[in-house]
1. Test H212 against the stated conditions and say whether it is closer than 30 Å to V69 by Cα, away from ligand 1 (no atom under 16 Å from the Cβ) and open to solvent by 10 Å² or more (accessible area, probe 1.4 Å).
2. As an exercise: evaluate R185 against (1) closer than 30 Å to C50 by Cα; (2) more than 27 Å from the chain's Cα centre (by Cα); (3) of a type outside the set (A, V, I, L, M, F, W, C) and give the number of the one condition it does not meet.
3. Take the residues in region 394-443 that are assigned to a strand (DSSP E or B) and open to solvent by 10 Å² or more (accessible area, probe 1.4 Å), then tell me which one is farthest from ligand 1 (Cβ to nearest atom).
4. Scanning region 279-299 for residues that are surrounded by fewer than 18 Cβ atoms within 10 Å (Cβ to Cβ) and assigned to a loop (DSSP other than H, G, I, E, B), which turns out farthest from ligand 1 (Cβ to nearest atom)?
5. Have a look at A561, A494 and point out the one that is open to solvent by less than 20 Å² (accessible area, probe 1.4 Å), more than 30 Å from D131 (Cβ to Cβ) and either part of a helix (DSSP H, G or I) or within 16 Å of ligand 2 (Cβ to nearest atom) (or both).
6. Pull out all pairs, ordered by first then second residue, where Cβ-Cβ is under 6 Å, the residues are six or more apart or on different chains, the first lies in region 555-566 and is touching a residue at least 40 places away in the same chain (Cβ under 8 Å), and the second is within 16 Å of ligand 2 (Cβ to nearest atom) and in a helix (DSSP H, G or I).
7. Are any of the residues in region 365-381 within 22 Å of A273 (Cβ to Cβ), within 26 Å of the chain's Cα centre (by Cα), in a helix (DSSP H, G or I) and of a type in the set (A, V, I, L, M)?
8. Return the pairs, sorted by first residue and then second, in which the second residue is of a type outside the set (A, V, I, L, M) and at pLDDT 95 or above, the first residue lies in region 300-320 and is closer than 25 Å to A22 by Cα and open to solvent by 10 Å² or more (accessible area, probe 1.4 Å), the beta carbons are less than 6 Å apart, and the residues are 6+ apart or on different chains.
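The values are calculated or read from the model by the stated rules, or taken from the named source; none is laboratory data. Keep in mind that this is a model prediction, so the values were computed, not measured. Ideal geometry is used to build each Cβ from the backbone, glycine not excepted, and the neighbour counts take in all protein chains shown. Heavy atoms of the whole protein, side chains included, go into the accessibility calculation; ligands, DNA and RNA do not. Shrake-Rupley method; radii C 1.70, N 1.55, O 1.52, S 1.80 Å.
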Amino acid sequence: MAIEKKPEKAIDEASLTLICKACEDGVDLSWDRFERQQPQCGFGLLGLCCRHCSMGPCNINPFGDEPSVGVCGANADTIAARHFGRMTAAGTAAHSDHGRGVAQTFLAVARGEIKGYQIKDEQKLLKLAMDFGIPIGDRSIQDIAIDVGEKALGMFGQQEGELPLLKRAPLKRQEIWRKLGVLPRGIDREVVEMMHRTNIGVDMEYHNIIKHATRTALADGWGGSMIATELQDVMFGTPMPLVSSVNLGILDKDTVNIIVHGHEPLLSEMIVAASRDPELLALATEKGAKGISLGGICCTANEILMRHGIPIAGDFLQQELAVISGVCDAMVVDVQCFFLSLPSVAKCYHTKIFTTNVRGMIEGAIHVEFHEHHAMETAKKLVREAIENFPNRKGGEVVPKDKMDLVAGFSHETIGYMLGGLFRASYKPLNDNIINGRIRGVAGVVGCNNPRMVPLDDYHVKMVKELIKHDVLVLQTGCSAIACAKAGLLVPEAAAKYAGPGLAEVCETVGIPPVLHMGSCVDNSRILMAATAVVKEGGLGDDLSDLPAAGAAPEWMSEKAIAIGQYFVASGIYVVFGGSFPTLGAKKLTEYLFNGIEKEVGGKWAFESDPIKAAHLMISHIDAKRKALGIDTAKERVLLDMGDRRALD
Ligand code: XCC
Ligand code: SF4
């Protein structure tokens, strides 16, 4: 039986309309399943439950009573730290396995073994080659690409030394990592070691577990994720600013609607091309459709938005709603963030759910396996399936009207071009505006949605509005970018409407929104690169931890968010999470993550369930960093107008 849908589940009309439809149709959504899980296990919520061996499961009493240790003697801090470490390993594994897939495809493309993909951004390839220490000289692009592909692929299985991309970080930062002994040796190695250490009876000391979580997470942000972003840019093109639209209103009743959902662009890039194939378009017409519309959900959406301007249908919790519209003819998923519920929701409509990756199957879905060697064939097959399914719509479709414009496509390179000009790309104007106080600081706001946090998107939007109101430039990725795009924050006009006077002035001069969409979850590596570019430009300290900057994942849910948070903390950034935090029952560990760790890595964690308070934690941190840099008085000076200045003379 479906639970009554309360209107407060979302802040956007499109979602509300389809949540109501689900209710009328008697279809269960994530919010209903979440309600049925209540009350959730308190031990689990606080990080005080362990089932790493069969002497357990063991729970620790959070009120200081017995039991205070598990059968093996592990206490609250050990248990929560092991859990945190495994979340980091899982998140790193997800991003990095994605990166590995991209590297394998890239190498096959470079060797000329597969067709359909190409090397689009030679400039970026050459830059990457230099960072890898690969000779360029007068070698052919193909030879360089083969070396880059082999080197990138090798990083996953590397056993010794240091991952080469960490050399991109400011020198001072590298020294901090080297001294602490947390520079990752190889991507897979750190993940495996995390799993070993968190076995029964190995690493029982929470500082030491977190230290390895740091090493593992760095192998994600400056390793697997960065490889994914870089090689995707080389193959599919580095994003440039473009206009598109977002929300379920992008679905079109009269066309075939295909939704791509997940994370990897290897297949969706091909689906973009297949959806424009004249033969398939003719078939669509033959079936009575007025064309083929493509839309994305989650990070696959962000990938094809950034490079092709394909509209976004929605964020994580809108995946079921897209099916409920009754006009989604096919949903194609690849890896990560889809619900097992999709086929059962689809049963009430006509939608065909396709899984495409051997790593990601769903009971009840149709599996059409994707191999890069015949990528276009697979893409065409899927588009054809969607077209054939168009006439099977059952009637009673509801397509919400609501959609919103957005500007996306801000790679860290583009930010340089936008601010400094195409021929003298530079971060100097950004640094100058931070130094003079027009821009108070920079915040990365990223991550998921979570039915724990209703209404959907509310925390993201409130936090980001509060930040830009206080002149903080916001950089976004993932579902957080989609949430704020729906709320109209990713258009240049948002500057005048929501931003403080300083930030608004800068945005209006340059013609950018106050909130910059930098891509998918693996593209958080772009935020690392942008922050590094700011440090290297000069005038704002000599390490990432000196920057007036902060990060947040307001409605996080995936283990990947923990890996991301930990690599930002390990890179010297202050990171605030909302909703829940996985160690709260372990007092010493939490104190260490929220405070003690700052002395070692320069960054630290915080947890805050109120979006406005969370924004102000970030703003206070930014102000403290401004003070340390000696630029805290600049802001007042800027705001004096000519009259004031004359009065002062
Ligand atoms: Fe998944 Fe990346 Fe989270 Fe969205 S934001 S729910 S991880 S799609 Ni990264
Ligand atoms: Fe219990 Fe220790 Fe086994 Fe965990 S590892 S289940 S705490 S005995």
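1. no
2. Of the numbered conditions (1) closer than 30 Å to C50 by Cα; (2) more than 27 Å from the chain's Cα centre (by Cα); (3) of a type outside the set (A, V, I, L, M, F, W, C), the odd one out for R185 is (2).
3. Going through the qualifying residues, I end up with D405.
4. So the residue we want is G288.
5. After ruling out the rest, the residue left standing is A494.
6. Pairs found: E559/M87; I562/M87.
7. yes
8. From region 300-320, the pairs are P311/S244; P311/S245; P311/G295; F316/C298; F316/C337; F316/C448; F316/N449; F316/C479.
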